[in-house]
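The values are calculated or read from the model by the stated rules, or taken from the named source; none is laboratory data. Keep in mind that this is a model prediction, so the values were computed, not measured. When we count neighbours, we look across all protein chains shown, and the Cβ atoms used for this are built from the backbone with ideal geometry, even at glycine. Accessible surface areas use protein heavy atoms only, side chains included; no ligands, DNA or RNA. Shrake-Rupley method; radii C 1.70, N 1.55, O 1.52, S 1.80 Å.
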Amino acid sequence: APFLELRDAGKSYGNVEALRGVNLVARAGEVTCVLGDNGAGKSTLIKIIAGLHEHSQGELLVNGSSTRFTSPRDAQAAGIATVYQDLALAPLMAVWRNFFLGNELTRRPFGRLDIARMKEITSDAMRRMGIDIPDLETPVGSLSGGQRQCVAIARAVHFGAKVLVLDEPTAALGVKQSGVVLKYIARAREAGVAVVFITHNPNHAWLVGDHFVVLKLGRVSLDGTKESITLDQ
Ligand code: ADP
Ligand code: ADP
């Protein structure tokens, strides 16, 4: 069964219907890509999954149980980690400190740790993902955009996120850095995480995706797996 599921979900802002009749599944060890042009409803979908907005219609299921997130805290406590394009991490803080920034997901497994232990955990987590950031004292703001996304992905995987929601992680990146981020998306998938990859880039989606949902004006216009989607549509 999928870990996360939206069934016939809808969201209106006053009389603006931003999403309608949306079905989406996120399964462990799979990448579900959500594609669509500006205004298609991608941000609204993220906000529902991340607990920033309640859905107005339909159902949100976590592990098969119908639920409703009324705050980001609810979503985090359910194992959902969201990496936003700009706000992924705190720019002035060192890499290792960012790893332990307060959050339901990161708070749970650890009580108070000393600094040496926190650095060790960060460095182990990065090594396991194969991410090369030589100095963990580096403020996140002086890393490249690609490195920042990678640190945020490693952090979510390390703290046992069940679902990793990525908001346009490659949108601001060049070809090479996009490639690196895509590699870590694949690693998160291999680690058994259910990845929801929001992107407007069909090439990036095709490179790492298992399942594709295309939104158009708030509705699903195409939904399928790599095998089931035909290219002559
Ligand atoms: P995307 O992220 O794909 O660009 P959005 O989810 O931001 O799409 O927007 C979907 C639709 O909902 C758009 O028509 C947008 O103008 C509208 N919308 C988004 N947020 C609000 C809001 N706070 N109030 C009113 N309309 C909104
Ligand atoms: P909030 O829940 O705090 O109202 P929203 O998620 O609804 O925040 O909105 C996020 C941002 O998107 C707001 O700044 C909102 O003004 C903006 N926005 C996006 N599309 C629209 C739209 N069509 N009409 C009004 N605001 C929009």
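Worth pointing out:
- Over the C-alpha atoms of the chain, the Rg to Rh ratio, Rh being the Kirkwood estimate, stands at 0.97.
- Per residue value of the accessible surface for the stretch 182-226 (all protein chains in place, 1.4 Å probe), Å²: 46
- Antiparallel DSSP beta bridges within the stretch 58-203, as percent of all bridges there, nearest 5: 30
- Put simply, the amide H of residue 192, placed in the peptide plane, has neighbours under 5 Å in 29, leaving out anything fewer than 5 places away on its chain.
- Using a probe of 1.4 Å, the accessible surface attributed to residue 84 totals some 60 Å² when neighbouring protein chains are kept in position.
- The portion of the accessible surface of the chain made up by carbon and sulfur, rounded to a whole percent, is 49 (1.4 Å probe; DNA, RNA and ligands excluded).
- Karplus (6.51, -1.76, 1.60) ³J(HN,Hα), θ = phi - 60°, over the stretch 182-189, in Hz, Gly and Pro reported as x: 4, 4, 6, 4, 5, 5, 4, 4
- Estimated 222 nm signal from helices in the chain, with DSSP H stretches of n ≥ 4 weighted -39500 (n - 2.57), rounded to 500: -9500 deg cm²/dmol
- Geometric extent, Cα atoms of the stretch 127-233 - Rg, Dmax (angstrom): 15.0, 51
- Excluding ligands, DNA and RNA, the accessible surface per residue across the stretch 1-148 is 51 Å² with a 1.4 Å probe.
- Each peptide among 189-199, 69-79 gets the average number of other Cβ atoms lying within 10 Å of its residues, and from highest to lowest they stand as 189-199, 69-79.
- FRET efficiency estimate (nearest 0.05) - Cβ-Cβ, residue 127 to residue 221, R0 41 angstrom: 0.50
- Restraint check, 47/226; 11/47; 162/226; 176/216, Cα-Cα greater than 19 Å: 47/226; 162/226; 176/216
- Distance from the Cα centroid of the stretch 188-222 to that of the stretch 125-168 is 20 Å (rounded to whole angstrom).
- Each principal axis of the Cα cloud of the stretch 1-79 was evaluated for its coordinate range; sorted largest first, these ranges are 33, 25, 19 Å.
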